[in-house]
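Heads up: the structure comes next, in structure tokens.
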Amino acid sequence: MRCRALLIALVLSIAPTLAQAAPALWEVSDADSKVWLFGSIHVLPKTIVWRTPVFDDVLKQADQVYFEADIGPMGQLGLILTSLKMGFTQHQDWLQTLTPDQSSKLMAAITPLGMTGQQLGGYAPWLAEAMVENAVLQKLGYQADLGVDETLQAELPKEKKGYFETAAGQMQMLADAPEDRQITRLMTTVDDVPNMPREISDMARAWSSGNADSLAKSVTDDPTMDKGFTQTMVLDRNARWAPVIEQMLAQNRQNLIVVGAGHLVGDGSVIDLLTKAGFTVQRIQ
């Protein structure tokens, strides 16, 4: 998810009324067990402080920490192998299908980012879109190694980590979209480049303050979150993860689940699905 953040107050235990001024942390329970859910941001600037005493206490209690995917060395190896199979280094013809207006907009957006059409044309449109957005984030000072997921995965031992899916599988979901839909999403991102700093700031403010309703609105208002993308990359995955979490509760596995913050807000979110399934869900931060 796109994000930027403000400093989080680290005095939660002293002033409970400030508990909302931090990223949301949820406790989901049945009659005899519980798990926790934390909405993460995958890339962050150096200025953000997201760790709190409440979060670290839950981290210590957790039997395992479940993430969307392994983004460590083994996960990266899987990405490399998958990229070779998918032929990312083969030239794509999609650039030739753009209208003159689309080509002009693409060049106007990527030139200030230090990118060229020839560079992007060597990849599928969905990957070109990811490269454009990543370039914007880097220009704004965001780094993956400062993100919640990479930070936690680096510090946790292997036996304490679990994953819902693989990074290669996530990549395949994006690549499976029809090329014309990929191009449409790329051009939507290109048109949105001037607005990204404000959108990132708004979303980060909602995340860092724990304002779930505002975060849900930021996600909904994001022009790049079209219906097909939202269904495939958010709602369908939520629906696959929820039964796994239910099984954790059935087996009394006291786990912490760390997934993108957009998966925990709004209709069809993991929180929504677990609530509808009859579990007790309460916000503890």
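The values are calculated or read from the model by the stated rules, or taken from the named source; none is laboratory data. The structure presented is a predicted model; accordingly, all values stated were derived computationally and were not measured. Cβ atoms come from the backbone with ideal geometry, glycine included; neighbour counts cover every protein chain shown. To get the accessible areas, we keep the full protein, side chains included, count just its heavy atoms, and leave off ligands, DNA and RNA. Shrake-Rupley method; radii C 1.70, N 1.55, O 1.52, S 1.80 Å.
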Selection within segment 127-139 - surrounded by fewer than 17 Cβ atoms within 10 Å (Cβ to Cβ) and farther than 24 Å from D176 by Cβ: Q138, K139
Restricting to segment 43-61, and then to whatever is part of a loop (DSSP other than H, G, I, E, B) and more than 25 Å from T275 (Cβ to Cβ), can you tell me which residue is most open to solvent (accessible area, probe 1.4 Å)? K46
For P243: the one exception among (1) in contact (Cβ under 8 Å) with a residue 12 or more places away in the chain; (2) of a type outside the set (D, E, K, R); (3) open to solvent by 50 Å² or more (accessible area, probe 1.4 Å): (1)
Residue ID - most open to solvent (accessible area, probe 1.4 Å), chosen from residues in segment 159-168 that are modelled with pLDDT of 95 or more and either of a type outside the set (D, E) or at positive phi (or both): Y163
Among the residues of segment 72-95, is there at least one that is at pLDDT below 95, closer than 30 Å to A212 by Cβ and either open to solvent by 70 Å² or more (accessible area, probe 1.4 Å) or not in a helix (DSSP H, G or I) (or both)? yes
Could you figure out which of (1) within 17 Å of the chain's Cα centre (by Cα); (2) in a loop (DSSP other than H, G, I, E, B) isn't true of L215? (2)
Suppose the filter is open to solvent by 10 Å² or more (accessible area, probe 1.4 Å), under 20 Å from the mean Cα position of the chain (by Cα) and among the charged types (D, E, K, R); does D226 pass it? yes
What do you reckon, is D267 assigned to a helix (DSSP H, G or I) and without any contact (Cβ under 8 Å) to a residue 60 or more places away in the chain? no
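A quick yes/no check of all residues on (1) touching an Asp or Glu at 6+ places or on another chain (Cβ under 9 Å); (2) at pLDDT 90 or above; (3) closer than 28 Å to M225 by Cα:
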position: V11; (1), (2), (3): no, no, no
position: I14; (1), (2), (3): no, no, no
position: A21; (1), (2), (3): no, no, yes
position: A31; (1), (2), (3): no, yes, no
position: G39; (1), (2), (3): no, yes, yes
position: K46; (1), (2), (3): no, no, yes
position: D56; (1), (2), (3): no, yes, no
position: L59; (1), (2), (3): no, yes, no
Considering only segment 52-74, how many residues are without any contact (Cβ under 8 Å) to a residue 12 or more places away in the chain and farther than 25 Å from Q170 by Cβ? 3
Residues (open to solvent by less than 30 Å² (accessible area, probe 1.4 Å), in contact with a helix residue (DSSP H, G or I) (Cβ under 7 Å, 6 or more places away or on another chain) and under 24 Å from L113 (Cα atoms)) located in segment 189-218: T189, V190, V193, M196, M203
Confirm whether Y142 is touching a Ser or Thr at 6+ places or on another chain (Cβ under 9 Å), surrounded by 14 or more Cβ atoms within 10 Å (Cβ to Cβ), in contact (Cβ under 8 Å) with a residue 12 or more places away in the chain and closer than 30 Å to Q102 by Cβ. no
G228 vs. criteria part of a helix (DSSP H, G or I), on the phi < 0 side of the Ramachandran plot and touching a strand residue (DSSP E or B) at 6+ places or on another chain (Cβ under 9 Å): no
Can you name the residue in segment 169-188 that is part of a helix (DSSP H, G or I) and of a type in the set (A, V, I, L, M) and is also surrounded by the fewest Cβ atoms within 10 Å (Cβ to Cβ) among such residues? M173
State yes or no: is A250 open to solvent by 60 Å² or more (accessible area, probe 1.4 Å), over 22 Å from L174 (Cβ atoms) and not basic (K, R)? yes
